[in-house]
């Protein structure tokens, strides 16, 4: 019996090739899109699953209040380690101090590589479950040791063993390789960690690290922990929340509160608003999960619409089957078996589509997804997916077709009724409501990205490069390098900064000034800069001037950005003074003179307001970056070649590494651009599936009205009149979809934009473009069949029975 069901189903597919193609291709595309979204979601949800102790690993975060606003961050003071070990050690398996991820040069012989890594305490390999290929697991035990990833070891030593070899770090210190570990997979928080150096070596590389041991106000470090099995994150947080306040009462005014931020939330739920976790990438997971469901729904709608539309052609078959004894349950099973066959064929084609486009999808989504051939869960989920889809797509047609009255059908008096097409019309409206909403949503996302890209950044980022200064061999050479760069005509100007142009590495408080409100808790982004900072960046001076060699007193000068002046409430700031309780110069009582105010420079998120910033003169001359304005009279390639030659002449053993500032700034949009790109692709697929169904329905309507069209042509109807006759019903449905989708998408995207402080608006122009586009697409889809029917030979149409 089952064999006969599938044999009949297969014959029906071959008999109606066009409709079979539309059904199978529509479902295949829908299922492929849903499958890709599912693989993407699985990859997102499995982030950090590489670490077997994921559930018990956390990072110490702290909330600090300033003027009623709470800021959350992962930067912590160094003495916190000693306080936790002394008073709360029984809550933890591991307490690991860590630097920030840093680039370093690793040299062995003639090989010199530039790579990223961390300095961590001894328990890090166990905490991170590093898989040791060769060497020892406690490879950070000795001060002058280093652990390398497999990739780094191969780059430096090739096929030779790395253990026991000496590498020179930043052309300064010799460290011995004690272990090589497997590369951490890409979808993990430490995937770029290509080396590990001991914490006790790291804290000897900077003089200020020693004073930081007792400074609770110096939040310059990270701490990772693993809690004991007999406790919880919430419980440990409740015990350590006030440690900083208790140990350092001077910071009580900022109400610092410590808490454990679980590894399970690092990737997907990393956003905080006023001290409270407010979401993150998990929103994109939900977004694309919903889009995937809708795309599959659109494909199922096509199947339902085309199956019910052709019901009259199968009415006789149902009547005969019922008259010879078929039960309604058997007919339902027959039609469901046809649905199952179509879904299985669609699934096979969907697999082919996924395999064909998976690499492109990975490039688009910045992923490294591998098709899970050996994953039993995937195939079990696929089976459930096929069954559910077959049932969803085939249940309504099966129930509808099996309900026909056999007597009416065989007498020829069966009519589908004036409301028989109503469900199909409703489903078409649903299809285009979803498609139009997706079009509007995608346009809004793209507009928001472009709106932020067009935002004035406060300096000229074109032709500006930055070179990281990573070792002591650079100390004291910035003036010499500036002179040589300019003399070579490769550069117009150069200045050093303590932070990259596109980031804030330090925030400071402790400033006082005349007119400061009592209880005002200032928080300023702090950057140390050299002479020619304003000229090199091309920053706009609003008042006063930049640092100048003509004024020796500028060593005690500061520049504020426009937002800082407003934030601090200083009127006529030029010539006014600040005092800095943390100023590291001989006489801390010397005031800082405000010599200039510059326009706001975007150093953090381009979607948020610019932070109040202070630019102090770098008295030490130890900037972390060379900022170089390339000579515009030469090509970029020529200028870089000159800059490199000057650099290598002074630092022959150091790789020439640089970044274009405009490219670094562009990276701030990568996450949103990936969302927009994925949204464009899936919106396009949704439109394609909807149009495929519309094409099938238009074809069926044209076929159904063949005689009517022939009669109208004989009576003198023009092609345009016939085209309008066949198209207007579909246009009405799309207009209804527009009326539903437009306000719905307008509201949803308006809410989405609220998470950006600097944002565009939805705009009715966006809605108008989406509506106009939907109508054009509909007309184009329907017109093919309408014009084909309108231009057919009426004589042939009237002869057809």
- Task: Kindly provide the set of residues from the stretch 365-377 that are part of a helix (DSSP H, G or I) and crowded, with 16+ Cβ neighbours inside 10 Å, ordered by number.
- Result: 365
- Going through the stretch 210-225 one residue at a time, which ones are touching a helix residue (DSSP H, G or I) at 6+ places or on another chain (Cβ under 7 Å), crowded, with 21+ Cβ neighbours inside 10 Å and part of a strand (DSSP E or B)? 223, 224
- in the same structural domain as residue 220 (by TED's automatic domain parsing), in contact with a helix residue (DSSP H, G or I) (Cβ under 6 Å, 6 or more places away or on another chain), surrounded by 16 or more Cβ atoms within 10 Å (Cβ to Cβ) and within 29 Å of residue 499 (Cβ to Cβ), is that true of residue 173? no
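So which of 28, 42, 9 ends up being crowded, with 18+ Cβ neighbours inside 10 Å, assigned to a helix (DSSP H, G or I) and at pLDDT 85 or above?
From the options 28, 42, 9, the qualifying one is 28.
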- If you go through the stretch 258-274, how many residues are touching a helix residue (DSSP H, G or I) at 6+ places or on another chain (Cβ under 8 Å) and closer than 30 Å to residue 526 by Cβ? 5
- Could you check residue 742 against (1) over 18 Å from residue 432 (Cα atoms); (2) surrounded by 14 or more Cβ atoms within 10 Å (Cβ to Cβ); (3) more than 22 Å from the chain's Cα centre (by Cα) and say which number it fails? (1)
- Kindly check whether there is at least one residue in the stretch 413-429 that is farther than 30 Å from residue 736 by Cα and either modelled with pLDDT under 90 or surrounded by 15 or more Cβ atoms within 10 Å (Cβ to Cβ) (or both). yes
- Message: Show the residue pairs meeting these rules: Cβ distance below 7 Å; 6+ apart or different chains; first residue within the stretch 248-262 and not assigned by TED's automatic domain parsing to the domain that holds residue 218; second residue crowded, with 20+ Cβ neighbours inside 10 Å.
- Response: none
- Item | Top-ranked residue in the stretch 89-127 [being in contact with a strand residue (DSSP E or B) (Cβ under 9 Å, 6 or more places away or on another chain) and part of a loop (DSSP other than H, G, I, E, B); ranked as surrounded by the fewest Cβ atoms within 10 Å (Cβ to Cβ)] | 100
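Please pick out the residue among 643, 601 that is in the same structural domain as residue 493 (by TED's automatic domain parsing), touching a residue at least 60 places away in the same chain (Cβ under 8 Å), touching a helix residue (DSSP H, G or I) at 6+ places or on another chain (Cβ under 8 Å) and in a loop (DSSP other than H, G, I, E, B).
601
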- Matching option when the condition is more than 30 Å from residue 674 (Cβ to Cβ), assigned by TED's automatic domain parsing to the domain that holds residue 18 and either modelled with pLDDT of 80 or more or surrounded by 15 or more Cβ atoms within 10 Å (Cβ to Cβ) (or both), among 331, 358: 331
- Message: When you check residue 765 against the structure, is it assigned by TED's automatic domain parsing to the domain that holds residue 437, assigned to a helix (DSSP H, G or I), exposed (fewer than 15 other Cβ atoms within 10 Å of the Cβ) and modelled with pLDDT under 90, yes or no?
- Response: yes
- Query: So how many residues does the stretch 236-247 have that are out of contact with any helix residue (DSSP H, G or I) (no Cβ under 8 Å at 6 or more places or on another chain) and touching a residue at least 12 places away in the same chain (Cβ under 8 Å)?
  - Reply: 3
- Task: State all residues of the stretch 142-169 that are touching a helix residue (DSSP H, G or I) at 6+ places or on another chain (Cβ under 8 Å) and in a loop (DSSP other than H, G, I, E, B); if no residue qualifies, say none.
- Result: 143, 144, 162, 165
- Looking at 408, 390, which is the one that is at pLDDT below 65 and either in contact with a helix residue (DSSP H, G or I) (Cβ under 9 Å, 6 or more places away or on another chain) or under 28 Å from residue 44 (Cβ atoms) (or both)? 408
- Item | Checking residue 634 against (1) outside any helix (DSSP H, G or I); (2) in the same structural domain as residue 446 (by TED's automatic domain parsing), the condition it does not meet | (2)
- Task: Residue by residue through the stretch 151-164, note down the ones that are farther than 21 Å from residue 655 by Cα and either surrounded by 16 or more Cβ atoms within 10 Å (Cβ to Cβ) or in contact with a strand residue (DSSP E or B) (Cβ under 8 Å, 6 or more places away or on another chain) (or both).
- Result: 161, 162, 163, 164
- Message: Just to be sure before I move on: is residue 268 in a strand (DSSP E or B) and touching a residue at least 40 places away in the same chain (Cβ under 8 Å) in the structure I sent?
- Response: no
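The values are calculated or read from the model by the stated rules, or taken from the named source; none is laboratory data. What you are looking at is a predicted structure, and each value in this text was computed from that prediction instead of being measured. Please note: Cβ atoms are built from the backbone with ideal geometry, for glycine as well, and neighbour counts cover all protein chains shown.
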